[in-house]
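Below: the structure, in C-alpha coordinates.
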Amino acid sequence: MPILEVAELAKSFPGARGRHAALQSISFSVSPRRTLAVVGPSGAGKSTLLRIIAGLEAADSGTVRLGGRALDRLTPQARRIAMVFQDDALIAHATLRANLRFALRARNNAPQRVADAAQALHLSELLDRRADRLSGGERQRAAIARALLSDPDALLLDEPLAHLDPPLRVHVRSELLRVRGGFAGPVIYVTHDHVEAMAIADDLGVLIDGRLEALGNPQTLYDAPSSVRIARFLGSPAMNLLDRMPQGYGFGDVIIGIRPEYVRVVKTGGLPGRVTARQSAGADAFVHIETPAGTLLARVTSGEAIALRGSVGVEFAPERIVRYDRITGGLLA
Ligand code: ADP
(Lines give C-alpha, C1' and ligand atoms only; values in the text may rest on other atoms or scores of the structure.)
Protein backbone atom coordinates (compact mmCIF):
# COMPACT_ATOMS: atom_id res chain seq x y z
CA MET A 1 0.00 0.00 0.00
CA PRO A 2 1.21 3.50 -0.83
CA ILE A 3 2.36 6.32 1.41
CA LEU A 4 0.28 9.52 1.41
CA GLU A 5 2.28 12.74 1.23
CA VAL A 6 1.07 16.30 1.44
CA ALA A 7 3.53 19.09 0.64
CA GLU A 8 3.15 22.83 1.16
CA LEU A 9 -0.62 22.78 0.72
CA ALA A 10 -2.32 26.18 0.81
CA LYS A 11 -5.91 27.27 0.27
CA SER A 12 -7.74 30.54 0.76
CA PHE A 13 -11.38 31.51 0.36
CA PRO A 14 -12.94 34.90 -0.28
CA GLY A 15 -13.98 36.41 3.04
CA ALA A 16 -15.59 39.60 4.31
CA ARG A 17 -12.17 41.31 4.57
CA GLY A 18 -10.35 39.97 1.51
CA ARG A 19 -9.18 36.41 1.14
CA HIS A 20 -9.14 34.24 4.21
CA ALA A 21 -6.38 31.62 4.50
CA ALA A 22 -8.04 28.31 5.37
CA LEU A 23 -4.79 26.30 5.06
CA GLN A 24 -1.23 27.56 5.13
CA SER A 25 1.79 25.55 4.07
CA ILE A 26 0.63 22.15 5.32
CA SER A 27 3.13 19.31 4.95
CA PHE A 28 3.07 15.79 6.39
CA SER A 29 3.12 12.17 5.33
CA VAL A 30 1.16 9.13 6.49
CA SER A 31 2.65 5.68 6.01
CA PRO A 32 0.58 2.60 5.17
CA ARG A 33 -1.18 1.12 8.22
CA ARG A 34 -0.71 4.35 10.19
CA THR A 35 -3.43 6.71 11.31
CA LEU A 36 -2.81 10.42 11.49
CA ALA A 37 -5.45 12.09 13.65
CA VAL A 38 -5.75 15.81 13.05
CA VAL A 39 -7.42 17.69 15.86
CA GLY A 40 -8.40 21.34 15.75
CA PRO A 41 -11.21 23.69 16.68
CA SER A 42 -14.14 24.31 14.37
CA GLY A 43 -13.05 26.39 11.38
CA ALA A 44 -9.40 25.31 11.65
CA GLY A 45 -9.39 23.90 8.11
CA LYS A 46 -9.80 20.18 8.84
CA SER A 47 -12.55 19.48 6.30
CA THR A 48 -10.85 21.62 3.68
CA LEU A 49 -7.67 19.58 4.13
CA LEU A 50 -9.50 16.27 3.60
CA ARG A 51 -11.56 17.62 0.72
CA ILE A 52 -8.39 18.71 -1.10
CA ILE A 53 -6.75 15.31 -0.56
CA ALA A 54 -9.90 13.56 -1.82
CA GLY A 55 -10.04 15.84 -4.86
CA LEU A 56 -13.35 17.50 -3.93
CA GLU A 57 -11.66 20.89 -3.66
CA ALA A 58 -8.64 22.32 -5.51
CA ALA A 59 -5.68 23.68 -3.56
CA ASP A 60 -4.20 27.09 -4.45
CA SER A 61 -0.73 25.57 -4.26
CA GLY A 62 1.04 22.48 -2.97
CA THR A 63 0.85 18.81 -3.89
CA VAL A 64 -0.79 15.61 -2.72
CA ARG A 65 1.00 12.36 -3.59
CA LEU A 66 -0.09 8.80 -3.10
CA GLY A 67 2.62 6.21 -3.58
CA GLY A 68 4.84 8.93 -5.06
CA ARG A 69 2.29 9.84 -7.78
CA ALA A 70 0.92 13.40 -7.81
CA LEU A 71 -2.87 13.35 -7.55
CA ASP A 72 -3.56 16.99 -8.32
CA ARG A 73 -4.88 16.43 -11.84
CA LEU A 74 -6.89 13.31 -11.04
CA THR A 75 -10.64 13.24 -10.48
CA PRO A 76 -11.88 12.10 -7.03
CA GLN A 77 -12.82 8.69 -8.51
CA ALA A 78 -9.39 8.16 -10.07
CA ARG A 79 -7.62 8.87 -6.77
CA ARG A 80 -8.79 5.67 -5.06
CA ILE A 81 -9.27 7.51 -1.78
CA ALA A 82 -12.42 6.85 0.26
CA MET A 83 -13.87 9.50 2.52
CA VAL A 84 -16.38 9.11 5.36
CA PHE A 85 -18.28 12.27 6.27
CA GLN A 86 -20.10 13.47 9.39
CA ASP A 87 -23.33 12.64 7.62
CA ASP A 88 -23.35 9.16 6.22
CA ALA A 89 -24.73 9.99 2.73
CA LEU A 90 -26.35 6.55 2.31
CA ILE A 91 -29.10 6.16 -0.28
CA ALA A 92 -32.13 6.46 2.01
CA HIS A 93 -34.61 4.21 0.20
CA ALA A 94 -32.15 1.46 -0.68
CA THR A 95 -31.39 -1.43 1.63
CA LEU A 96 -28.15 -1.58 3.52
CA ARG A 97 -27.12 -4.47 1.26
CA ALA A 98 -27.73 -2.38 -1.88
CA ASN A 99 -25.84 0.55 -0.37
CA LEU A 100 -22.85 -1.65 0.34
CA ARG A 101 -22.94 -3.38 -3.07
CA PHE A 102 -23.05 0.00 -4.75
CA ALA A 103 -19.64 0.81 -3.25
CA LEU A 104 -17.89 -2.19 -4.77
CA ARG A 105 -15.48 -1.46 -7.58
CA ALA A 106 -15.05 -5.05 -8.68
CA ARG A 107 -18.26 -7.06 -8.90
CA ASN A 108 -16.68 -10.49 -8.51
CA ASN A 109 -17.54 -12.24 -5.30
CA ALA A 110 -19.83 -9.33 -4.39
CA PRO A 111 -22.28 -11.11 -2.04
CA GLN A 112 -19.46 -12.57 0.04
CA ARG A 113 -17.58 -9.30 0.30
CA VAL A 114 -20.72 -7.43 1.36
CA ALA A 115 -21.45 -10.12 3.95
CA ASP A 116 -17.89 -9.95 5.30
CA ALA A 117 -17.91 -6.15 5.55
CA ALA A 118 -21.29 -6.22 7.28
CA GLN A 119 -20.02 -8.79 9.73
CA ALA A 120 -16.87 -6.81 10.47
CA LEU A 121 -19.03 -3.86 11.50
CA HIS A 122 -21.70 -5.96 13.25
CA LEU A 123 -24.33 -5.13 10.65
CA SER A 124 -25.16 -8.62 9.36
CA GLU A 125 -28.68 -8.67 10.82
CA LEU A 126 -29.53 -5.39 9.15
CA LEU A 127 -28.58 -6.06 5.52
CA ASP A 128 -32.18 -6.09 4.29
CA ARG A 129 -33.26 -3.01 6.18
CA ARG A 130 -33.71 0.29 4.37
CA ALA A 131 -30.95 2.80 5.14
CA ASP A 132 -33.43 5.38 6.45
CA ARG A 133 -34.65 2.86 9.04
CA LEU A 134 -31.18 2.42 10.56
CA SER A 135 -30.12 4.21 13.73
CA GLY A 136 -27.43 6.89 13.69
CA GLY A 137 -24.74 4.52 14.92
CA GLU A 138 -25.72 1.83 12.40
CA ARG A 139 -25.64 4.34 9.57
CA GLN A 140 -22.18 5.55 10.49
CA ARG A 141 -20.94 1.97 10.73
CA ALA A 142 -22.50 1.35 7.31
CA ALA A 143 -20.70 4.39 5.91
CA ILE A 144 -17.39 3.01 7.20
CA ALA A 145 -18.14 -0.44 5.71
CA ARG A 146 -19.02 1.18 2.41
CA ALA A 147 -15.79 3.17 2.34
CA LEU A 148 -13.73 0.03 2.98
CA LEU A 149 -15.61 -1.93 0.31
CA SER A 150 -14.51 0.53 -2.36
CA ASP A 151 -10.97 -0.91 -1.97
CA PRO A 152 -9.36 2.45 -1.38
CA ASP A 153 -5.62 3.02 -1.25
CA ALA A 154 -6.18 5.59 1.52
CA LEU A 155 -9.04 6.35 3.90
CA LEU A 156 -10.13 9.80 5.10
CA LEU A 157 -12.57 10.22 7.98
CA ASP A 158 -14.13 13.63 8.62
CA GLU A 159 -15.55 13.63 12.17
CA PRO A 160 -17.49 10.44 11.44
CA LEU A 161 -18.78 10.20 15.02
CA ALA A 162 -19.69 13.86 15.52
CA HIS A 163 -23.46 13.37 15.46
CA LEU A 164 -23.60 10.33 17.74
CA ASP A 165 -24.49 10.41 21.44
CA PRO A 166 -21.51 9.91 23.78
CA PRO A 167 -22.00 6.20 24.68
CA LEU A 168 -22.59 5.33 21.03
CA ARG A 169 -19.53 7.32 19.99
CA VAL A 170 -17.32 5.18 22.18
CA HIS A 171 -18.94 2.02 20.80
CA VAL A 172 -18.62 2.95 17.11
CA ARG A 173 -15.11 4.24 17.80
CA SER A 174 -14.01 0.85 19.08
CA GLU A 175 -15.52 -0.85 16.02
CA LEU A 176 -13.68 1.62 13.83
CA LEU A 177 -10.42 0.88 15.62
CA ARG A 178 -10.98 -2.82 15.10
CA VAL A 179 -11.67 -2.64 11.35
CA ARG A 180 -8.91 -0.10 10.86
CA GLY A 181 -6.51 -2.82 12.01
CA GLY A 182 -7.47 -4.75 8.86
CA PHE A 183 -6.91 -1.83 6.50
CA ALA A 184 -3.47 -1.72 4.96
CA GLY A 185 -3.42 1.86 3.66
CA PRO A 186 -2.81 5.23 5.31
CA VAL A 187 -5.69 6.76 7.30
CA ILE A 188 -6.38 10.41 8.19
CA TYR A 189 -9.00 11.08 10.85
CA VAL A 190 -10.03 14.64 11.65
CA THR A 191 -11.98 15.73 14.72
CA HIS A 192 -12.39 18.65 17.10
CA ASP A 193 -12.43 16.19 20.02
CA HIS A 194 -8.96 15.62 21.44
CA VAL A 195 -10.05 12.51 23.40
CA GLU A 196 -11.23 10.91 20.18
CA ALA A 197 -8.06 12.00 18.40
CA MET A 198 -5.83 10.56 21.13
CA ALA A 199 -7.78 7.29 21.08
CA ILE A 200 -7.37 6.74 17.37
CA ALA A 201 -4.01 8.31 16.54
CA ASP A 202 -0.68 6.72 15.78
CA ASP A 203 0.45 10.26 15.02
CA LEU A 204 -1.34 13.39 16.17
CA GLY A 205 -1.46 16.69 14.31
CA VAL A 206 -2.86 19.88 15.80
CA LEU A 207 -4.39 22.25 13.25
CA ILE A 208 -5.18 25.77 14.46
CA ASP A 209 -6.18 28.64 12.12
CA GLY A 210 -5.07 26.71 9.06
CA ARG A 211 -1.60 25.93 10.40
CA LEU A 212 -0.30 22.55 11.45
CA GLU A 213 1.02 23.77 14.80
CA ALA A 214 2.31 20.41 15.99
CA LEU A 215 2.76 16.90 14.68
CA GLY A 216 4.05 14.00 16.72
CA ASN A 217 3.42 11.16 19.09
CA PRO A 218 0.02 11.70 20.78
CA GLN A 219 1.16 10.93 24.32
CA THR A 220 4.29 13.07 24.01
CA LEU A 221 2.23 15.99 22.71
CA TYR A 222 -0.28 15.57 25.54
CA ASP A 223 2.39 15.29 28.23
CA ALA A 224 4.56 18.10 26.92
CA PRO A 225 2.69 20.24 24.36
CA SER A 226 5.25 21.89 22.10
CA SER A 227 3.96 25.43 22.71
CA VAL A 228 1.67 27.40 25.01
CA ARG A 229 -0.84 27.55 22.13
CA ILE A 230 -0.99 23.76 21.90
CA ALA A 231 -1.12 23.44 25.70
CA ARG A 232 -4.18 25.71 25.77
CA PHE A 233 -5.93 23.59 23.18
CA LEU A 234 -5.02 19.95 23.88
CA GLY A 235 -6.86 18.48 26.84
CA SER A 236 -10.14 19.08 28.60
CA PRO A 237 -9.77 20.79 30.93
CA ALA A 238 -6.63 22.31 29.48
CA MET A 239 -3.23 22.34 31.13
CA ASN A 240 -2.70 24.91 33.90
CA LEU A 241 -0.35 27.65 32.64
CA LEU A 242 1.12 29.72 35.43
CA ASP A 243 2.98 32.86 34.43
CA ARG A 244 3.29 34.52 37.83
CA MET A 245 5.22 31.87 39.73
CA PRO A 246 6.67 33.58 42.83
CA GLN A 247 10.44 33.55 43.33
CA GLY A 248 11.83 30.98 45.72
CA TYR A 249 10.22 27.90 44.17
CA GLY A 250 13.17 27.36 41.86
CA PHE A 251 11.31 27.61 38.55
CA GLY A 252 13.02 30.68 37.11
CA ASP A 253 11.40 33.26 34.84
CA VAL A 254 9.27 30.93 32.74
CA ILE A 255 5.65 29.89 32.26
CA ILE A 256 4.93 26.69 34.16
CA GLY A 257 2.59 24.10 32.66
CA ILE A 258 1.03 21.36 34.77
CA ARG A 259 -2.02 19.21 34.03
CA PRO A 260 -4.81 19.24 36.66
CA GLU A 261 -4.25 15.54 37.36
CA TYR A 262 -0.70 16.25 38.56
CA VAL A 263 -1.61 19.01 40.99
CA ARG A 264 -1.80 17.78 44.60
CA VAL A 265 -3.79 19.59 47.23
CA VAL A 266 -2.05 19.38 50.63
CA LYS A 267 -2.86 20.65 54.13
CA THR A 268 0.53 22.17 54.88
CA GLY A 269 3.41 23.39 52.74
CA GLY A 270 3.40 23.94 48.99
CA LEU A 271 2.25 27.02 47.15
CA PRO A 272 -0.40 28.77 49.30
CA GLY A 273 -3.87 28.84 47.79
CA ARG A 274 -7.55 29.34 48.42
CA VAL A 275 -10.30 27.11 47.05
CA THR A 276 -12.76 29.20 45.03
CA ALA A 277 -14.90 26.55 43.34
CA ARG A 278 -15.44 22.84 43.18
CA GLN A 279 -17.02 20.93 40.30
CA SER A 280 -17.92 17.28 40.54
CA ALA A 281 -17.23 15.09 37.51
CA GLY A 282 -18.43 11.74 38.84
CA ALA A 283 -15.43 9.78 40.08
CA ASP A 284 -13.29 12.94 40.07
CA ALA A 285 -13.78 16.52 41.06
CA PHE A 286 -12.11 19.67 39.76
CA VAL A 287 -11.08 22.21 42.36
CA HIS A 288 -10.30 25.82 41.38
CA ILE A 289 -7.55 27.28 43.53
CA GLU A 290 -6.36 30.87 43.60
CA THR A 291 -2.63 31.13 44.18
CA PRO A 292 -0.04 33.92 43.85
CA ALA A 293 1.04 32.20 40.61
CA GLY A 294 -2.45 32.43 39.09
CA THR A 295 -5.70 30.47 39.32
CA LEU A 296 -5.27 26.78 38.74
CA LEU A 297 -7.32 23.64 38.50
CA ALA A 298 -6.60 20.45 40.45
CA ARG A 299 -8.21 17.11 39.68
CA VAL A 300 -8.91 15.25 42.91
CA THR A 301 -10.90 12.11 43.73
CA SER A 302 -14.47 13.07 44.56
CA GLY A 303 -14.13 11.69 48.11
CA GLU A 304 -11.35 14.11 49.06
CA ALA A 305 -12.58 16.55 51.68
CA ILE A 306 -11.55 19.95 50.35
CA ALA A 307 -13.52 22.81 51.83
CA LEU A 308 -14.76 25.61 49.63
CA ARG A 309 -13.03 28.91 50.49
CA GLY A 310 -10.53 26.97 52.64
CA SER A 311 -6.79 27.62 52.64
CA VAL A 312 -4.75 24.84 51.09
CA GLY A 313 -1.27 24.13 49.83
CA VAL A 314 -0.60 23.15 46.24
CA GLU A 315 2.16 20.82 45.09
CA PHE A 316 3.13 19.77 41.56
CA ALA A 317 4.45 16.35 40.62
CA PRO A 318 7.98 17.53 39.66
CA GLU A 319 8.43 15.13 36.74
CA ARG A 320 5.16 16.37 35.21
CA ILE A 321 6.05 20.04 35.10
CA VAL A 322 6.75 21.56 31.69
CA ARG A 323 8.30 24.96 31.11
CA TYR A 324 7.59 27.49 28.37
CA ASP A 325 9.53 30.51 27.20
CA ARG A 326 7.72 33.61 28.39
CA ILE A 327 8.30 35.47 25.10
CA THR A 328 8.07 32.86 22.34
CA GLY A 329 5.71 30.44 24.15
CA GLY A 330 7.94 27.56 23.01
CA LEU A 331 8.60 24.47 25.11
CA LEU A 332 11.88 24.60 27.04
CA ALA A 333 14.00 21.51 27.52
P1 ADP B 1 -13.12 22.70 10.03
O2 ADP B 1 -13.40 21.47 9.23
O3 ADP B 1 -11.86 22.63 10.80
O4 ADP B 1 -14.29 23.14 10.88
P5 ADP B 1 -13.24 24.02 7.44
O6 ADP B 1 -12.18 23.36 6.63
O7 ADP B 1 -14.65 23.61 7.21
O8 ADP B 1 -12.86 23.90 8.99
O9 ADP B 1 -13.14 25.59 7.19
C10 ADP B 1 -11.93 26.31 7.33
C11 ADP B 1 -12.16 27.78 6.99
O12 ADP B 1 -12.44 27.92 5.62
C13 ADP B 1 -13.35 28.37 7.72
O14 ADP B 1 -13.03 29.70 8.03
C15 ADP B 1 -14.46 28.29 6.71
O16 ADP B 1 -15.40 29.30 6.93
C17 ADP B 1 -13.72 28.50 5.41
N18 ADP B 1 -14.36 27.79 4.29
C19 ADP B 1 -14.45 26.44 4.13
N20 ADP B 1 -15.08 26.15 2.97
C21 ADP B 1 -15.39 27.33 2.38
C22 ADP B 1 -16.03 27.73 1.15
N23 ADP B 1 -16.46 26.81 0.29
N24 ADP B 1 -16.16 29.04 0.90
C25 ADP B 1 -15.71 29.97 1.76
N26 ADP B 1 -15.09 29.69 2.91
C27 ADP B 1 -14.93 28.40 3.23
Pro111 vs (1) crowded, with 17+ Cβ neighbours inside 10 Å; (2) not in a loop (DSSP other than H, G, I, E, B): all pass except (1)
Quick check, is Ala103 more than 13 Å from the ligand (Cβ to nearest atom), under 18 Å from Leu123 (Cβ atoms) and in contact with a Ser or Thr (Cβ under 7 Å, 6 or more places away or on another chain)? yes
Restricting attention to the stretch 76-85, does a residue exist that is closer than 30 Å to Leu234 by Cβ, loosely packed, with under 14 Cβ neighbours inside 10 Å and within 16 Å of the ligand (Cβ to nearest atom)? no
Can you tell me which residue within the stretch 103-134, out of those that are touching a residue at least 24 places away in the same chain (Cβ under 8 Å) and out of contact with any helix residue (DSSP H, G or I) (no Cβ under 7 Å at 6 or more places or on another chain), is nearest to Ala54 (Cα to Cα)? Arg105
Regarding Ala89, is this residue on the phi > 0 side of the Ramachandran plot, modelled with pLDDT under 95 and either of a type in the set (A, V, I, L, M, F, W, C) or in the same structural domain as Glu213 (by TED's automatic domain parsing) (or both)? yes
From Leu271, Leu221, which residue is touching a strand residue (DSSP E or B) at 6+ places or on another chain (Cβ under 6 Å) and farther than 30 Å from Ser29 by Cβ? Leu271
Cβ pairs under 6 Å, 6+ apart, first in the stretch 151-168 and under 28 Å from Asn109 (Cα atoms), second part of a loop (DSSP other than H, G, I, E, B) and away from the ligand (no atom under 16 Å from the Cβ): Asp151/Arg105; Pro152/Arg80; Asp153/Pro2; Asp153/Arg80; Asp153/Gly185; Ala154/Gly185; Ala154/Pro186
Of all residues in the stretch 256-296, how many are in contact with a helix residue (DSSP H, G or I) (Cβ under 9 Å, 6 or more places away or on another chain) and not in a strand (DSSP E or B)? 3
Qualifying positions in the stretch 33-62 - more than 8 Å from the ligand (Cβ to nearest atom), touching an Asp or Glu at 6+ places or on another chain (Cβ under 9 Å) and assigned to a loop (DSSP other than H, G, I, E, B): Arg33, Arg34, Gly55, Ala58, Ala59
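Results for (1) away from the ligand (no atom under 16 Å from the Cβ); (2) within 28 Å of Glu5 (Cβ to Cβ), shown as yes or no for each residue.
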residue	(1), (2)
Leu164	yes, no
Arg169	yes, no
Ala201	yes, yes
Asp209	no, yes
Pro225	yes, yes
Tyr249	yes, no
Gly252	yes, no
Within the stretch 250-296, of all residues that are within 21 Å of Arg326 (Cα to Cα) and loosely packed, with under 14 Cβ neighbours inside 10 Å, the one modelled with the highest pLDDT is Pro292
Quick check: is even one residue across the stretch 8-23 surrounded by 15 or more Cβ atoms within 10 Å (Cβ to Cβ), within 12 Å of the ligand (Cβ to nearest atom) and in a loop (DSSP other than H, G, I, E, B)? no
Among the residues of the stretch 24-63, write down those that are of a type in the set (Val, Ile, Thr) and either modelled with pLDDT under 95 or touching a Pro at 6+ places or on another chain (Cβ under 6 Å) (or both). Val30
Can you run down the residue pairs with Cβ atoms below 7 Å, 6 or more apart or on separate chains, where the first is in the stretch 254-274 and of a type in the set (Phe, Trp, Tyr) and the partner is in a strand (DSSP E or B)? Tyr262/Phe316
Per the list (1) surrounded by 21 or more Cβ atoms within 10 Å (Cβ to Cβ); (2) under 13 Å from the mean Cα position of the chain (by Cα); (3) in contact (Cβ under 8 Å) with a residue 40 or more places away in the chain, residue check on Ala231 breaks on (2)
Would you confirm whether or not the stretch 322-330 contains a residue that is assigned to a helix (DSSP H, G or I) and either touching a residue at least 40 places away in the same chain (Cβ under 8 Å) or in contact with a Phe, Trp or Tyr (Cβ under 6 Å, 6 or more places away or on another chain) (or both)? no
Would you kindly identify the helices (runs of 4 or more DSSP H) lying entirely within the stretch 124-214 that contain at least 2 residues that are among the aromatic types (Phe, Trp, Tyr) and in the same structural domain as Thr95 (by TED's automatic domain parsing)? none
Quick one: is Arg65 of a type in the set (D, E, K, R), more than 16 Å from the ligand (Cβ to nearest atom) and not in a helix (DSSP H, G or I)? yes
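The values are calculated or read from the model by the stated rules, or taken from the named source; none is laboratory data. Model, not experiment: these values are computed from the prediction. Because the Cβ atoms are built from the backbone with ideal geometry, glycine has one as well, and the counts that use them run over all protein chains shown.
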